[in-house]
Amino acid sequence: MLKVFVALGMSYPKQKSIIEEVKNVSKILAKYNCTFVQGGCSRGLMGEALREFQKYSDDVIAIVPEPYKRDLDDVVSKESYVVESEADRLKFTIRNCDVIIVFPGGSGTLTELAFYNETSKSSEHSARLVMLNTKGFYNKLLKFVKYQIKCGLLKREGFKYDVIKHSSQFETILQEEITKKQQV
């Protein structure tokens, strides 16, 4: 089935609605028998997503950079990989995942968002990119993207993400990706 990388942080947001959306996506992933791929951590939003998914499935892959390998001590997964660096973790995900969903997060999540977009533009992967814009979290970033387009620094087709506002919209995306995979 589909391997889905969930990009989110190790911190807790102040907005409970973000936590609920993360949990809802985890339930949807389990419902469609997806493999839950994450950064090898059980803290913060990463932990919330992982624990919710594991209520329904144990199909988890954890990928963690060497400096954070101790984080794996608290993560139950069917497969785990320790890679040399954060860059290697990002490369691992683009080689192995069908869908990448980026949740609200901090600087690490923003790094993932930019990396996955750029590597999609250069055809280094064919994963579907999804941005969960819960409560307008990414509105200012999306406004900046529009400004980049207006300034001629980014082409409209250069922003590769499907932007969704609610976890319920993610179910439709998964259905489309499952159908595509079955047709191949």
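Worth a mention:
- Ordering of 141-152, 71-82, 160-171, 19-30 by packing is 19-30, 160-171, 71-82, 141-152, highest average first (other Cβ atoms within 10 Å, averaged per residue).
- Per-residue SASA remark: TYR32, around 40 Å² accessible (1.4 Å probe; ligands, DNA and RNA not included).
- Extension gain for LYS27-THR111 works out to 27.7 nm (0.36 nm per residue, less the C-alpha to C-alpha distance).
- Heavy-atom accessible surface of LYS55, to the nearest 10 Å², is about 140 Å², with a 1.4 Å probe and all protein chains retained.
- Each Lys and Arg Cβ is given +1 and each Asp and Glu Cβ -1; about its Cα centre, the chain then shows a dipole of about 780 debye.
- Gained length - LEU141 relative to ARG156, 0.36 nm times residue gap less alpha-carbon distance: 4.0 nm
- Efficiency of FRET between SER80 and ILE149 - r from beta-carbon atoms, R0 41 angstrom, step 0.05: 0.55
- Taking only protein heavy atoms and a 1.4 Å probe, the accessible area of region 1-79 is 47% carbon and sulfur.
- Label-to-label distance for ASP73 and LYS121 is 4.1 nm, based on points extended 7 Å past Cα in the beta-carbon direction.
- Each residue of region 50-65 is assigned a 3J(HN,Hα), and the resulting list reads 4, 4, 5, 4, 6, 5, 10, 7, 10, 7, 10, 10, 10, 10, 9, x Hz, derived from the Karplus form 6.51 cos²θ - 1.76 cosθ + 1.60 (θ = phi - 60°), x at Gly and Pro.
- Helical contribution to [θ] at 222 nm, DSSP H n ≥ 4, -39,500 (n - 2.57), averaged over the chain, rounded to 500: -14500 deg cm²/dmol
- Per residue, the chain exposes 53 Å² of solvent-accessible protein surface, assessed with a 1.4 angstrom probe and all protein chains in place.
- Relative packing of 110-117, 47-54, which averages over residues the other C-beta atoms within 10 Å, highest first: 47-54, 110-117
- Measuring against 28 Å, Cα to Cα, the residue pairs LYS78/LYS160; LYS91/LYS155; LYS14/LYS121; LYS16/LYS155; LYS31/LYS146; LYS91/LYS135 contain LYS78/LYS160; LYS14/LYS121; LYS16/LYS155; LYS31/LYS146; LYS91/LYS135 as the ones spanning a longer distance.
The values are calculated or read from the model by the stated rules, or taken from the named source; none is laboratory data. Just so we're clear, the structure is a prediction, and the values are computed from it rather than from any experiment. We place every Cβ from the backbone using ideal geometry, glycine too, and count neighbours over all the protein chains shown. Just the protein is used for accessible areas: all its heavy atoms, side chains included, with ligands, DNA and RNA removed. Shrake-Rupley method; radii C 1.70, N 1.55, O 1.52, S 1.80 Å.
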